[in-house]
1. Please report the base-10 log of the normalised intensity I(q)/I(0) for segment 340-557, using a Debye sum with one equal scatterer per alpha carbon and no solvent, at each q in 0.08 (1/Å).
2. What net charge is computed for the residues neighbouring T317, neighbours being all others with C-beta under 12 Å from the C-beta of T317, Lys and Arg scored +1, Asp and Glu -1?
3. How would you classify segment 661-730 from its alpha-carbon gyration tensor, with a ≥ b ≥ c the square roots of the eigenvalues: rounded for a/c under 1.5, else prolate if a/b is greater than b/c, otherwise oblate?
4. Between K2 and E59, what is the label-to-label distance in nm when each label sits 7 Å out along the Cα-to-Cβ direction?
5. Quick one: if you stick a label point 7 Å off each Cα along the C-beta vector at Q668 and Y324, how many nm between them?
6. For the cross-link pairs K2/K386; K48/K472; K526/K917; K917/K993; K2/K147, which exceed 32 Å when the distance is taken from alpha carbon to alpha carbon?
7. Work out, step by step, the length gained on full extension between R408 and Q36: first 0.36 nm times the residue separation, then minus their alpha carbon distance; give nm to one decimal.
8. For segment 760-872, what class follows from the C-alpha gyration tensor (a ≥ b ≥ c being the square roots of its eigenvalues): rounded when a/c is under 1.5, otherwise prolate if a/b is larger than b/c, else oblate?
Amino acid sequence: YKAVIFDMGGVLLPSPYKNAAELELRHAVPVGTIAQGMRLGDKSSAWKRFITGEMSAAEFIDAFGKECAEMAGCSVPVDLFLAELTTGHMAQQLPAMTEAIQCIRAEGLKTAVLSNNFFLHDGQTFLPVDRSQFSVVVESCIEGMCKPDPRIYRLCAERLGVLPEESVFLDDVGQNVTAAQQLGFRAIKVGDPGAAIGELQGVLGFPLSGFVPGTRAVRPEMALPLEQLGQHLREVLSLESPEPLGVRQFSHGQSNPTYLVTAGGRRLVLRKKPPGALLPSAHAVEREFRVLKALSSAGVPVPKVMALCEDPSVIGTPFFLMEYCPGRIFHDPSLPGMDRQERREVYEAMVRVLCRIHSVDIKAVGLEDYGKSGSYVARQVQTWMKQYRASETRRIPAMERLMEWLPRHLPRSERTAVVHGDFRLDNLIFHPEKPEVLAVLDWELSTLGDPISDLAYSCLAHFLPSGFPVLKGISQCDLAELGIPSAEEIFSLYSSHMGLERLDSWNTYMAFSLFRVAAILQGVYKRHLKGQASSADAASTGELAEQMAELAWDFAVKEGFRIFKSVPVGNPGAGPRRAFGSCSSSRPAPGQLIISPEGLPPPVQELYGRLQGFISARILPVEQELRDHQVSEKRWTTHPVVEQLKEAARVAGLWNLFIPLELDPLAQFGAGLTNLQYAHLCELMGRSLYAPEVFNCSAPDTGNMEVLIRYGTQRHQEEWLTPLLSGTIRSCFAMTEPQVASSDATNIEASIIEDEDYYILNGHKWWTSGALNPSCKLCVFMGKTDPSAPKHKQQSMILVPMDTPGVRVVRPLSVYGGEDAPGGHAELVFENVRVPRSSLLLGPGRGFEIAQGRLGPGRVHHCMRLVGHAERALELMKERVKTRVAFGKPLAEQGTILADIGLSRLEIEQARLLVLKTAHLMDTVGNKVAAPEIAMIKAVVPSMAQKVIDRAIQAFGAAGLSNDYPLALFFSWARALRLADGPDEVHRATVAKMELKR
């Protein structure tokens, strides 16, 4: 099973029927009256209407009171029933159920609440349980349907992402249980919660009691011989209790199996070597025992060790025992649920305890022989190279590069201290209430060495994504907003505590740390293949090893840039034009430039494949129908097929793919893709003029949605962004004007004049794409709020509903005779258009700032779609020339045709690489630094596409000019975009000016 679904009342909470019966006895009401009213199946019954959200609490009390009074023949205190039901012990989750849920989630199963509940007097829903316990919460009053309606069961399973057959359902009402069983759920009727938990435990096959945070049931392959262990504990610890041992396995960690043992009323932690043949010197629990004992005497917060057993006959491998230290372990480095100050204090406490470890007098604690002094990083590199080679299952190119690079870029000087070897936030136990470290765990990799390696390792999470399976990261988080120190701040804080100078070469330490992690992960994967891994996630570590190696290589590249820039040159201004981003940035460390879909991460490759299949199977076959519609009398209406395709795309998860990861790090609005990843998908969409709209990825909506995400207020987003993201409305962008040269946007003359709580807009706009679409409800308008301000501070942007009085569509404009219906390109007049002051974006005079934020990703989108146009045109051209004969031989054998095909391929490849490089730079160094490349692609790609498409048209002959193929429309778009994104001359001049400043 993959999920367990709980009803609330009578399952998670005490039974409402029992409470109702007790109330009826106290008030001389026939017992069962309220229960009978609650079980009425009539859709018009008060209870049914209450739990489907059709009634307020006050309305329910009145209506339900009348129903119950009619059944009982006397007044029924329904108001008291509802008050008791929603307060006191009735609104407290049963402790046994809470523990069962904790055990279920510890095993990796999903949990859900599927409740027939209602709105309270304050308008909130009655759900007195901790939502964080559940993967999904489904409330009948919000969904407008209730159990036993089959739809609500299906909805719950769909949101969980499981099949009914993969789910267990618990409810205290027979008809609800029956309905679930009929849909395929494994259902349990709850009478006594304790008995139900026992039945559920039998179904799931693991204990649902004895939960301790961070533990799970012992996996069968990691079971301990309890009889021998119990005998050993009685001898070593003088335990006299005859009770059987309680054992759970800690789910945290990938290395030495660690168990929580309950014996004689005491909680102990047992840490052992894994079974089977192991790599030399790995998993040395004996060393862990020694260092813990020594550090404890030096005042370092570590668990108290109790006994070491080196006899493998007891439980199969050596192990040691230590006291269980309760407290908080933070597995999520973003520290959700804390305020900014608390987060900072936690990270500062982590740095302080690391400094305490590194300040231990090695000789005084008897650890002078715990490792070798000096050349630690060099020895570690060699050690992990050997470990990696011993566990290698396939060739990882990044690891090969690192093993060549690291020995040649070792730190020039090192200090010797006790090093933890795996120091990170989730290896620390914090006080339950204070930002104080009670114990440092997991000393398996400890030795004497360079303490900066520990410091670098503690910053790993800063460069990993939040979804990284083994170690969650914070690279996509706004650290300043969260209050979490950046990696550079942590290095500075450590240096201050330890009295050190600034550490400039820490990229090397980061590369080494990540290389070591990659080697460890590879070892875990090798043990998994042999059946020796202690973690349930070990199967995925092979792929993770490669990801870590690639990230390590990124730091090696950054260190290379640092060294290169530090080399003295004759001209002080010379040097590389750019380096990868600063270490203190919250931006993820740059990855490799991905030049083909095969290089995309597996989840993005899977998305790419689904998108490709959808376009080929669903869009290309209906293109002719859509082209015909664009020249028909109904062309100013949206074709029904487009709406059908949009709904299908949404259901398929191919929706809002364009929103860049740096703008939406939590993937709240889109698919969480980088600009580079989306560029490959965007090229696919460029194979059809209709695909972008089908996936809600078409301009100008994409740019407008980005503007609303970046600069819109919450009200702007609720009013406009939400419907745009859902595809229920369209939008347009009004900037270009017929009376001025709009290639210089400072020329625009439209005015935005303040008038108390409003702005008055006047202006004449044209080439406002999308304004004629019947679904276009919003216009983003650019005009001048202060003509006397500095040139780039005069303009502002404001949101204008299209139905505002004074907004008038003059006419549709044609492109090479085509009108591009139904969106079109409109000429608009704005005459005394009044919009509220709150509609202004960001503030007066910030229009250019918004425009710059809007332009970067959109240009990549346009250019990659044009690459898609060109690829499709070349594909059609090749098919055509293979099947047509002229002057006695196929066109494909004509020299001029061959030359055209070859030249087209050359130009497409060059243009694509430039756009991908641009997207890569936007992801790694930001849009501002990537400005030269953005200007280049604006000039290069439309011209390339125009030439390639023109050659294809030439090969088709007159047919290429017709509406029977997409070539004519492709050509018109390519030519138009040589102006729509600014004239070629402007872009060439921009590039030249930047080149002269290099």
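1. -0.28
2. Local charge sum for T317: 0.
3. It comes out oblate by the Cα gyration axes.
4. Each label point lies 7 Å from its Cα, and together they span 3.9 nm.
5. Between Q668 and Y324, the simple spin-label model gives 3.9 nm.
6. Check vs 32 Å cut-off fails for K2/K386; K48/K472; K526/K917.
7. The span from R408 to Q36 would gain 125.8 nm if fully extended.
8. Note, shape of segment 760-872 comes out oblate.
The values are calculated or read from the model by the stated rules, or taken from the named source; none is laboratory data. These numbers were taken from a predicted model, which means no experiment stands behind them. Neighbour counts run over all protein chains shown; Cβ positions are idealised from the backbone, glycine included. When the accessible area is computed, the model is the full protein with side chains, heavy atoms only, and any ligands, DNA or RNA have been set aside. Shrake-Rupley method; radii C 1.70, N 1.55, O 1.52, S 1.80 Å.
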